[in-house]
Every structure is written in C-alpha cells, then in structure tokens.
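The values are calculated or read from the model by the stated rules, or taken from the named source; none is laboratory data. For clarity, every value in this text was computed on a predicted model and none was experimentally measured. As a convention, Cβ positions derive from the backbone with ideal geometry for all residues, glycine included, and neighbour counts pool all protein chains shown.
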Amino acid sequence: MLKEFLTRLRFFIVGRSHGEVDEEVRFHLDQQIEANIQAGMSAEEARRQAGIAFGGVERTREQCREERPGYWIETLVQDVRYAVRGFRRNPTFSLTVVLTLMLGIGTTTAVFSVVDRILFRSLPYGDSERLVSVGLVAPIEPQEFMLGGSYYEWQDNQKPFVALTSEIGTEPCDLTENNPARLDCARVEGNFLPTLGVSPVIGRNFSENEDRPNGPRVALISYDLWLSRFKKDPGAVGKLIRIDGHATEIVGVLPKDFEMPRLQAADVLLPQSLDVAAERRADPGHPMWAFARLRPGVSVEQAKTELGPLFEYSLRLAPAPFRKEVHLQVRSLRDRQVHDVRLAAWILLGLVMAVLLIACANVTSLLLARGASRERELAVRSALGASRMRLARQALTESFALSVAGGVAGCLFAMLLLRLFVAMAPDGMLFLSKARIDLRILFFVLATSLLCAVCFGLMAAMRKAGVEALTGRARTTIRHAVLRRWLVIAQIAASMILLAGGALLAHSFWNLEKQNFGMSAENIVTTAISLGQTSYPTPESQMAFFQRLERNLRYGPGITAFAISDSVPPGGYHDDQIYAALRVEGRPALSSGTGGRVASRWITPEYFRALQIPVVQGQGFTDEELTSNDHFVVLSKSLAARLFPGEDPLGQHLHLHNGAPTENDPSYIVVGVAADVKNGGLAEDNEPEYYRLRRQRTQDWDRSSVLILKTTLPPTATEAWVRAQVASLDPTVPVDIKTLSERVGKLADRPRFEMLLVGFFAVTGLLLAVIGLYGVISFFVVQRTQEIGIRMAVGASRGDILRLVLANALRLIVPGVFLGLVLALALSRVLSSLLFNVAPHDPLAFAGVTGLLILVALLATLIPGSSATRVNPTVALRCD
Amino acid sequence: MPQPTDLLQGTLDLLVLRTLLLEPMHGWGIAQRIQQSSQNTFQIGQGSLYPALHRLEYKGWIQADWKASENNRKAKYYALTRTGKKQLEAEIESWGRLAGAIALVLEQG
C-alpha cells in the first residue's frame, strides 16, 4: 500500500515526459516492422501493417497521459480556466449570477443564523434534550410555575425524573463595594446546576448545607462578572464580595455560555435558602419555577401522565376559583424558551427559503439561456471529440465556480445583514444577540451553494448538443424554453407569497400604530426610578424621596401636569390580580372561576389629566383625599360595567382582595370611573383596570415609581432638566427617562421588525423574480429576432410586435400570479397569530399585492418588448 | 486458426503481470508473448497495451528501466515488483475462482 502510494506520489510530482512515451512507441513500431519484413513483406507494406496493428499513436499517447495519477487535477484546472475565461468574456452574465446567488445565499444564511439558536442549536446544558420544564399553568400565568406548598411533595414522590430542581426568580441586587453596581441575582435550589448538567468553570457548586435558611452566604458569579470584576483571576474563588450589604463568599464561576433556563439575565446565583418545612405547610407557598431531567427512555408525555396523582394533590391545595382553570404542564426546555418565537422563526425560515428558491431558479434560468446560446460551441467541441462526460463536467465546473463565488459573496452579505438585523431589532428580541455565523452555519452555506450548483449545473449539463446545432440553423431549445417558463412561473408564485406576507404584516402594523389608545402620549416625559435596597431601606425613606422630587419638579419650567404612578400604559409591566378576588361590600363573592385578570395601578391625582384620560363619572381623585385615612379607588369603565351593571358605582365600597376587612384588605370607596385605556400591550385585549390613590401614607409607596410629566417644552429639554433634578437629590439613583411616545413606539418594535424583515425578503424576492422574467423575455426576443423581422416585413406594426411580446409575458405572469395567490391564501393562515385586526385573507393586502406584482412584471417586459419593436427587418432576416 | 477474441475487460492486467513473471520485457515483447502463448487467440489491441503498462507502473506493480534490447536499441523494459508479484498471486487466485464458477454453471446449467 505504502509503496503504491509512494510510486503514485513520485509520478504525481515528477510526471513523465512526452518524449518517453513517443520513444517507447517508436521502438514498438520498429520492432513490428522488422518482424513484418522478416515475414516477407515489402518495407512499405510492413510499415503499413505495423501502423494498422498498433492503432492511433496519438490516441495511445493521450491514453497514457490520462492514466497519470494527477490527470484529474489537470483537467480540473483546464475546466476552471475555461470557465473563468468564459465569465470574463461575459461579465454581465457572471455578475448577475453571482449577485443573485449572493442575495439568495446571504439572506438565507443570515436568517438561518438567527433562527438557529431558536430551532436547532442545542441549549448550553449537559444532554439538554432531556431537560423539561414542569409546573402548573393558570389563566393568570400562562407560563408554567410551581408553588412551594406542593413543589417539595412533587420532588419527594415524582418518578419520571432523574432530578427535579427549582429557582425562585431573579431580583435586582446591589454590589456594595467600592465601584458599586446594580446586578441581577438569581436564587436557585442547591441541585440546580447538577440537574441542568452544568459545572462551574472553577470552584464548586453550592453544598447542601448552604441551601437552607440562614446558611452561609455564598454565591456563584457569571463568567462576565468574573471577567469584568476579577480579570479572570482564579483567586476570585474564596473571595468575599458585599451583596446588598452582606459579605458573601464566591464559591465558583459559571461557564461562559451559561444562561438561566427562563433566560433572565443573571450575574450572580445565590442559594434560594427556602425553609422547606415551612413551605410544605404553607399555602400556596413561594412561587417558583421547576425544571427536571427525564429518566432515560421516559418521554415528555409519559412524564406528564406519571405526574397525574401529584397534580391532583396540588389541585386540592389550590383555592377554589383556580381549580378548574389550572392545568399540568410538562414540556421540553426548548419549547418553554422559544414558545412565542418558534412560529415566527419557522415563518422566517420558510420565507427565506422562498427567496433562495427564486434565486436558484434565476441562476438555473440564466445558465440555461447561456447554454442555449452556446449550443453551437458545444456542438463544435463535441464534434472535436469531447466526451459527453467531459462536457457535463465542464458545465458542472462552471456552476461550481459560480456557486463558490456566490457563496463567498453571500457569506459576506450575511454578516452585513446580521449586523443590520441586530441594529434594527428591538431590545429583548429573543436570542438575536446570540445569532452568529459559526462553523455550522458556514457549513450550511457551503451545502446550500453546492446544492444550488448541483441543481442548476446538472440541468445545464444534461444537454448534449446534436450535430444539427453545427449548422447554426436548428432551433433545438424548445425543451429548455419550457423548463425556463416553469421556473419563471414558480418565481412569480414564490414572490407573490412573499409579497402577500409582507403586505399582511404591513397592514397589521398600520392598524397597530393607528389604533386608539384611550389616552394621549403627546408631550409626556416619563421617568422610571427604582430606589436601591441599601440607600432606601424603608417605605418612609422611599416616600420621602418621591415627595421631595415631586416638590422640585411639579412647578418646573413648562410642566403643566405631574403625576406619580407605579407603571404606565399601554404595555410593559403593571400589577394585576384575578377578578374573582374583588368583592363588593354587601354582596357574595364570585363563586366559580377566576374571571380573568384585572390590572391595577397606584397613581397620584393628576394622572388622568396628564394622560388625558377622561373621567366619565365622578371626579376622580382630589388633593383632599391625599391626606385622608380612607381608601379610594377609580374604576375603568369596563370594570365598573362588570361590577355594577346598571347601577351607579360611585360611593360603593369595594374589597380588592377576597376576605374579611382587615388591615391588609381595606374597604375602598369608588370615587370615579375613567374611560378604558389600552393596557395589555399593543396587540392584546384590554384588561379591566382600577386605580388606587397614592396618598401621603407610607403603605401606598414602594421603591419603584414612574414620574409622568406633561410639558410644553421640547421633550429633550425637559429630559435633561429632570435628570439634573434627580441627580441633585441623589446622584446614585439610576433613572430611565423616555417620552411616552418612545415607550409606545418601543412596544411596536417587534411587529415593526417583523414587518421590515418580511418586507425586505419580499422586495428581494420580487427583484429576483423580475430579473428572471426580464431574462426570459429578452431571451425570447433575441431568439425570435428573425421571426419578428419576418412579421414586420409582411406588415406587422410595432404595436403588434409589442402585443406579441406582452402576450408571451402574460402567459408567464398570469399563471404565476394565480398559483402564487392560491398558495398564499392557503399559507397565510400561519401568520394569523402575528396579525392585528387583519384577517389572514385580507382582501386589501391581496388585491394590492396582485396589482403591484402584475404592474412590475409588465414593466419588466416592456424593456425587451420595446427593443423588439425596434428590430430592423432587413438586418434580422440577414442574420445567420 | 480460431478467430482472435477480444480480451475480457480487466484481464489484460493479469496477462501482462503473468507474462512479466518470467523475465523483464519490453512492450512489443509482451504483446508477442501473449499472442504466442494464447496461440493467437488474443490479439492485443496494441494501442491499449501501453496505457495498461503505464497504469500498472503508476500503481507500483511493475517497474520500468531503459536498457539495450537484443538488437542493441534502447528499449523500455518492464519488470515485476514485489507488490506486483503479490498482486499477481491474488489475481490468479480470484481468476481461478471465477473460471471455476463459470465452468460449474456451464456444466450444470
């Protein structure tokens, strides 16, 4: 084996001179001639016979050369050189192909790298496919959660899991050292990391001893924190840091790619240190989120079935109104993480595949056209002895060269696009920041471009020019013409689907932007402030801070209204509770079901005036009530209608939490009804809402508030002034200042991003399809120049010729549009969850798109059409 | 004299190797020898002999040297290498099996 290899290598490198073969052959012939002469032939005859017996000398020489080990490289180099020469001769063609491929492959790659983490890449945990999220779902919390009251029961008695673990959420915490910082601290159970299959890069996990009440204070820190605080010093383990004023020992560092299973940001992991015995007795217990590792061979479905009895147990603990509406949920961790983006990801991938399809069809079509015009050249090469195999290989080499160029360009384009996506995308767009072009994706690109190459290369290669092509008169291209027509029809159909999707999202986005929020966001500057744990430990200090701030800001320059709330509509976080917990004094509580959710806010009296929310009944909150000992509430119109149908709500007494009137559940007097305001985000339904007055009492305040200022000055001036005012009170308080319009606009970020993305693909697809159509029609015109010349010679007018070309184009456009329309109508249903106030079969969008596509397609045919009308009959008839 | 038969695909290599087992030879000699030993049954398309010789040489089964021929001209002599010998043994064996199998079928057919 080795020897064989070495011999091959020697010949591969050194080669063999042609002279050697020649000399060998000459010797052979001479010997034969001599033998023939000895057999009695004449010298002339001997030479002739020897030549006949030997066969073609040149052929032998060629065959000897083909036996050479390096021969295939030689032909490859030849083919590539030939291809490159061809491309340089026809740069428009090559550039079109490479650009088309770049668009197709680039967009596909960029999108693939975005959806990769959502759909395909494995999660950063050991054997992550076996991890599940376990818990209860209820209407008020559609993502599964657990309660301490039953969690430990589950943990003790569950069968389907190797281990069950939990976390109790992430909270802001302060690193109180020199150079203080606000961090996110996640509290997790002791077996959290082992269950997820994660081990610290240095140090150790929490010990059992540390995850109990009043246990030693220890922490695991994130890789980023290790990098920024400790410059990756391994000595960080064992050091003490002060978290919220407590000295805490770092016991380990998390891996670089670690993320919490619910994807919250976490800089520090702390043991959750729950009192297990107390939790078991508690009802409902601490809210938590549970994750588990399936036993080998146990499916998610089986696990769900096996958990049935434990779920029954939890149900018995649940308060009556919940029982019917609570369900058991077990699903894979990936499903938990991507639940609301999975569909969008698949849609994106589908759309971008359509773009790729169009691009490939375009390239195939271009290559076929080129092949058709090169028929004669191929016939000549074939006649000169090129084998069919060789011609096919040549065609494949050409398409490979184009694909590689397109693939490289596409890769660069994808990197650019990805940057654009990230820049355009709203914050918190799941996983987008993690999108990157890694080796797997490069492999994907390579595979895609090679697949393209093989597809269209084979189509072009499966031709062998007939001898008749040599005459230059034969028209043997009908077969390819049919194929090209179908490709164009498919392209038009695909771009129709893309355009329809884009139009639906655009229409939906328009509705989203133009809807009535029930309030005015004009000239409103909002300032979100969250006070630190250590500087403002008591409600007194928190209230004092905000009241001082109010005094400083209320009568500032240009301020016409000022309110403090704990949250602002129309979206984002706000307090809520279940409807069933509300109770009107003197009436029985709602008996069954939770009644859905009710939003609530703590506000100061000028809230309604600042946001221009009409108070339709009563007078809302007044300044006198600020110092009152009574509790006051304003209801939204929908809540009032539901609680007091046909009655006057004013003056009624209301308990917000079901139960006897106690210190914690006081009786609220209804003092007003305000118009409904959009409060569940842009696209979701409104919730009924009530407003509580933030009086000058400490129990009405907490550490976070939003200041709402209506100003007559330009918002930027007011923003700077507010920032300065807050800083003059306490420069360490972090403030988040935005106009309300900006906050509203931010809510629309995601639909806007989706619309722009789909719109981008739609335009790309349309562009490619139009190029394809243009190519086919121009080719049609060139091919039929002669025919057009004859028609003109026998009296056809320019209009007739234009009609001929247009009719031909329409035979592609109409079936393409029709096919696309049918497919788009069938497929648009998958978009329905992304649409707002738009039916998936929205007639406006579909009609507009159909019109646009036909218009653009006709425009694309006008250029070759008008050049056809300028054909000079005498020239046309003389050609060939 | 029976009609010359076309060589079975792939058997030319076997015949060349077997011929070279006796002594190193040049191309013409090999062609002559095969023709004689087969009693003129095999007429080697001499054009295909040289590509075969080159192929065997590239594989390292035979080895070529320029030497003076019997009539004192420079000729290229091919000789069997050690791997070539092993290859020949293997090919003879597999040929025997093939021929035996064909004979069995023909007899019992």
Condition test on A:I708, is it on the phi < 0 side of the Ramachandran plot, under 41 Å from the mean Cα position of the chain (by Cα) and modelled with pLDDT of 85 or more? yes
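Mind telling me which of the residues A:L349, A:L333, A:L384, A:L366 ends up being crowded, with 20+ Cβ neighbours inside 10 Å and assigned by TED's automatic domain parsing to the domain that holds A:V758? Break it down stepwise before answering.
Working: A:L349 fails: crowded, with 20+ Cβ neighbours inside 10 Å; A:L333 fails: assigned by TED's automatic domain parsing to the domain that holds A:V758; A:L384 fails: crowded, with 20+ Cβ neighbours inside 10 Å.
Of the residues listed, the single one that is crowded, with 20+ Cβ neighbours inside 10 Å and assigned by TED's automatic domain parsing to the domain that holds A:V758 is A:L366.
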If we take the stretch A:256-322, then helices (runs of 4 or more DSSP H) inside it with 2 or more residues that are in the same structural domain as A:K232 (by TED's automatic domain parsing), surrounded by 14 or more Cβ atoms within 10 Å (Cβ to Cβ) and small (G, A, S) are none
When residues of the stretch B:68-84 are limited to those that are closer than 20 Å to B:Y50 by Cα and away from chain A (no Cβ under 11 Å), the one surrounded by the fewest Cβ atoms within 10 Å (Cβ to Cβ): B:A68
Could you please find all residues in the stretch B:20-36 being more than 14 Å from every other protein chain (Cβ to nearest Cβ) and over 11 Å from the mean Cα position of the chain (by Cα)? B:L22, B:E23, B:P24
Residue, farthest from A:A290 (Cα to Cα), within the stretch A:129-149, restricted to residues that are part of a helix (DSSP H, G or I) and at pLDDT 85 or above: A:E129
Would you check which residues across the stretch A:43-78 are assigned to a helix (DSSP H, G or I), within 7 Å of chain B (Cβ to nearest Cβ) and either within 30 Å of A:T397 (Cα to Cα) or of a type in the set (D, E) (or both) and list them? A:R59, A:T60, A:Q63, A:C64
If you take the residues of the stretch B:47-61 that are touching a Gly at 6+ places or on another chain (Cβ under 9 Å) and at negative phi, which of them is nearest to the other protein chains (Cβ to nearest Cβ)? B:G47
Consider A:Y313 carefully, then state whether it is within 32 Å of the chain's Cα centre (by Cα) and of a type in the set (S, T, Y). no
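Kindly state which strands (runs of 3 or more DSSP E) lie completely within the stretch A:637-723 and contain at least 2 residues that are of a type in the set (A, V, I, L, M) and closer than 22 Å to A:D623 by Cβ. Before the answer, list the steps.
Working: elements: A:653-655, A:667-674, A:689-693, A:704-711.
Where strands (runs of 3 or more DSSP E) fall fully within the stretch A:637-723 and carry at least 2 residues being of a type in the set (A, V, I, L, M) and closer than 22 Å to A:D623 by Cβ, they are A:667-674, A:704-711.
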On the phi < 0 side of the Ramachandran plot, β-branched (V, I, T) and not in a strand (DSSP E or B), is that true of A:V251? no
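For the stretch A:554-580, enumerate the residues that are closer than 19 Å to A:N686 by Cβ and either over 37 Å from the mean Cα position of the chain (by Cα) or assigned to a strand (DSSP E or B) (or both). Lay out the reasoning, then the answer.
Step one: filter the stretch A:554-580 for residues closer than 19 Å to A:N686 by Cβ, giving A:565-580.
Once the filter is applied, which keeps residues that are closer than 19 Å to A:N686 by Cβ and either over 37 Å from the mean Cα position of the chain (by Cα) or assigned to a strand (DSSP E or B) (or both), the stretch A:554-580 yields A:S565, A:D575, A:D576, A:Q577, A:I578, A:A580.
Regarding the stretch A:783-800, can at least one residue be identified that is part of a helix (DSSP H, G or I), closer than 15 Å to A:L859 by Cβ and touching a helix residue (DSSP H, G or I) at 6+ places or on another chain (Cβ under 6 Å)? Steps first, please.
Restricting attention to the stretch A:783-800, the residues satisfying the condition of being part of a helix (DSSP H, G or I) are A:783, A:785-793, A:798-800.
Now restrict to residues that are closer than 15 Å to A:L859 by Cβ: none.
Within the stretch A:783-800 (the criterion being part of a helix (DSSP H, G or I), closer than 15 Å to A:L859 by Cβ and touching a helix residue (DSSP H, G or I) at 6+ places or on another chain (Cβ under 6 Å)), the answer is no, since none of the residues qualifies.
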Taking the stretch A:13-42 and the residues there that are at pLDDT 85 or above and exposed (fewer than 14 other Cβ atoms within 10 Å of the Cβ), the one that is nearest to the other protein chains (Cβ to nearest Cβ) would be A:Q38
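Is it the case that A:L328 is under 30 Å from A:L487 (Cβ atoms) and touching an Asp or Glu at 6+ places or on another chain (Cβ under 9 Å)?
Here the answer is no, as A:L328 does not meet what is asked.
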Among the residues of the stretch A:55-101, which ones are modelled with pLDDT under 80, surrounded by 18 or more Cβ atoms within 10 Å (Cβ to Cβ) and of a type in the set (S, T, N, Q)? A:T60, A:Q63
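Do the conditions hold for A:S449, that is, is it at pLDDT 75 or above and outside any loop (DSSP other than H, G, I, E, B)? Before you say what the answer is, go through the steps one by one.
Working: at pLDDT 75 or above: no; outside any loop (DSSP other than H, G, I, E, B): yes.
Taking the combined requirement at face value, the residue does not satisfy it.
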